[in-house]
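Right, one structure below, let's go through it.
The values are calculated or read from the model by the stated rules, or taken from the named source; none is laboratory data. This one's a predicted model, so the numbers in the text were calculated from it and none came from an experiment. Note that we place each Cβ from the backbone using ideal geometry, even for glycine, and neighbour counts take in every protein chain shown. Accessible surface areas use protein heavy atoms only, side chains included; no ligands, DNA or RNA. Shrake-Rupley method; radii C 1.70, N 1.55, O 1.52, S 1.80 Å.
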Amino acid sequence: MNFNPKNKTSNIFLLIASFVIVSLILWNTNSFFKKFKEEERLKMEIWATAQSEFQASSEDMDLGNLHLKVFQNNTSTPMILVNKDGSIKTNNMPPERINDTAFIQQRIKKFRNENVPISIDQQGEHLATLYYGNSEVLNKLKFYPIALLLIIFLFGAVIFFFFKTNKASEQNKLWAGMAKETAHQIGTPLSSLLGWNELLKAENISPEITQEIQKDISRLETITERFSKIGSLPKLDAQDIVEQTKEAYEYLKLRSSDLIKFSFDSQIAHLPVLLNKSLYHWTIENLVKNGIDAMKGKGEIGIKILSDGKNVHIQVSDTGHGIPKSDFQSIFNPGVTSKKRGWGLGLSLVKRIVEEYHKGKVRVLTSSKAGTIMQISLKRMET
């Protein structure tokens with residue numbers, strides 16, 4: 001796909017700008033995290049100083065309310081104070097776990113990895129060691145950049161899929177417009193051919209010649225009708241699925257090579273289904289032609305009709321080289337083809353006609369080196 005240079009430059013600029021904005025947000029978040037961590041460290045050092053003075057004070061010394069406020073104000077940072085005699089005091093820890101020695105030792109190890117322990121000394125004498133972990137706010141802030149990146153990623157994905165869908169919609173409109181214009185352009189010479197064929201009939205030309213010309217004209221009329229319906233909602237009528245499938249089958253059989261062996265089998269005699277006759281015939285044609293291409297012009301093509309009560313299934317089989325299982329879904333995408341020539345639109349049109357217009361399903365039923373079976377499933381009409 002070719003891009004306009006101006007659009008390409010704009011896309012690059014937007015990409016760079018987005019990268020710079022995200023980088024600034026992450027840098028700012030990281031700076032805020034470090035600053036918050038430093039403030040918590042300072043708070044713990046103040047607490048340790050107050051603890052040092054408290055332990056060094058005598059019982060009759062009046063320390064005032066400052067130390068008490070320092071101890072009481074710390075309600076978020078988990079701490080473990082290990083005195084020089086080995087006794088342990090905890091703060092902001094689960095009450096039910098403070099007597100669990102294994103849990104306390106595990107927490108000490110964890111806190112040591114999160115923050116450098118603070119040694120509480122008084123006049124050169126070591127009194128205790130303070131181990132503290134990150135507060136709940138700091139732990140939440142640690143995951144903020146990840147959440148931010150996830151939000152940015154999701155936002156970018158929404159924008160990407162929006163533009164992708166919008167572009168696909170524009171392309172569909174373009175293809176529909178081209179198809180309708182093609183149908184319109186074919187219509188002019190087709191009218192002339194009808195007139196010339198009538199003149200040939202009047203000149204007493206061999207009826208066999210004029211009949212064959214009429215068949216080709218009818219064929220062109222069918223193609224014109226198909227192209228004119230692309231992009232618009234086709235009209236569905238009650239049609240006998242067996243009769244219409246057999247009609248498409250007979251047409252293809254008469255115009256295919258003698259090297260292709262055709263077979264038709266239906267478990268039901270008649271069954272009404274809501275169909276657009278022209279588009280349904282086009283679907284059968286595409287599936288049969290794909291099968292013939294897979295067999296390289298020699299093999300067996302079979303069409304089978306079955307019913308399970310709610311749905312009718314039309315199976316088109318061939319004895320070609322098969323389809324890899326990994327490609328069962330992708331073969332219905334526009335542009336996907338194994339042929340050296342072709343645009344890969346045949347099965348894409350089949351899927352659109354069956355699933356969007358007729359509300360049915362089309363899929364690869366089975367495929368191996370022995371051949372492939374494609375299945376169309378349509379809803380039966382309620383009686």
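Under 15 Å of direct C-alpha separation, and excluding same-chain neighbours fewer than eight residues apart, K296 reaches these aspartates and glutamates: D258, D318. Peptides 238-249, 151-162 ranked from most to least packed by the mean count of surrounding Cβ atoms within 10 Å: 238-249, 151-162.
Count charges around K261 for me, please; just the other residues with Cβ under 13 Å from its Cβ, Lys/Arg as +1, Asp/Glu as -1. Before the final figure, lay out the partial values.
On the way: positive: K253, K298; negative: D258, E300, D318.
It works out to a net charge of -1.
Spacing of the modelled spin labels on R41 and L149, each 7 Å from Cα toward Cβ, amounts to 2.4 nm. Multiplying the residue separation of L220 and D85 by 0.36 nm and subtracting their alpha-carbon distance yields 38.4 nm. Remark: accessible surface ordering of H358, H270, H321 (largest first) is H270, H321, H358, probe radius 1.4 Å. Straight-line cross-link partners of K43 among the aspartates and glutamates, defined as a Cα under 16 Å from its Cα and at least 8 positions apart when in the same chain: E53, E114, E136.
Give me the net charge for the shell around E247: Cβ to Cβ below 10 angstrom, other residues only, Lys and Arg +1, Asp and Glu -1. All intermediate terms of the calculation are to be shown ahead of the outcome.
Working: positive: K246, K277; negative: D240, E243, E250.
Net local charge, E247 excluded: -1.
Modelled label positions at I98 and K235, each set 7 Å beyond Cα in the direction of Cβ, lie 8.5 nm from each other.
Using R₀ = 30 Å, calculate the FRET efficiency as 1/(1 + (r/R₀)^6) where r is the Cβ-Cβ separation of W27 and V137; round to 0.05. It would help to have the intermediate numbers written out before the result.
Numbers: r = 20 Å, r/R0 = 0.67.
Computed FRET efficiency for W27 and V137 comes out at 0.90.
For the peptides 141-147, 103-109, the ranking by packing is 103-109, 141-147, with the highest mean count of neighbouring Cβ atoms within 10 Å listed first.
Ordering S257, S52 by how much accessible area each has at a 1.4 Å probe, largest first, what is the list? Walk me through the numbers before you get to the answer.
On the way: S257 60, S52 10 Å².
Solvent-accessible surface, decreasing: S257, S52.
Cross-link partners of K361 among aspartates and glutamates, defined as those whose alpha carbon lies under 15 angstrom from its own and excluding same-chain residues fewer than eight positions apart: D308. If the limit is 21 Å between Cα atoms, which of K253/K298; K34/K89; K304/K379; K253/K359; K261/K310 go over it? Over 21 Å Cα-Cα: K34/K89; K253/K359; K261/K310. If R0 is 56 Å, the Cβ-Cβ spacing of E203 and S330 corresponds to a FRET efficiency of close to 0.55. Put M381, M93 in order of accessible area, highest first, and with a 1.4 Å probe you get M381, M93.
Take R97: with every protein chain present and a 1.4 Å probe, its accessible area is about 90 Å². Protection proxy ranking, highest mean first, for peptides 305-314, 16-25: 305-314, 16-25, where packing is the per-residue count of other beta-carbon atoms within 10 Å, averaged.
The modelled label-to-label distance between A17 and E125, using points 7 Å beyond Cα along the C-beta direction, is 6.7 nm. Using R0 = 56 Å, the C-beta based FRET efficiency linking S368 and E114 works out to 0.40. Only protein heavy atoms count here; under a 1.4 Å probe, K289 has an accessible surface of about 100 Å².
Accessible area per residue was computed with a 1.4 Å probe on protein heavy atoms; T75 scores about 100 Å².
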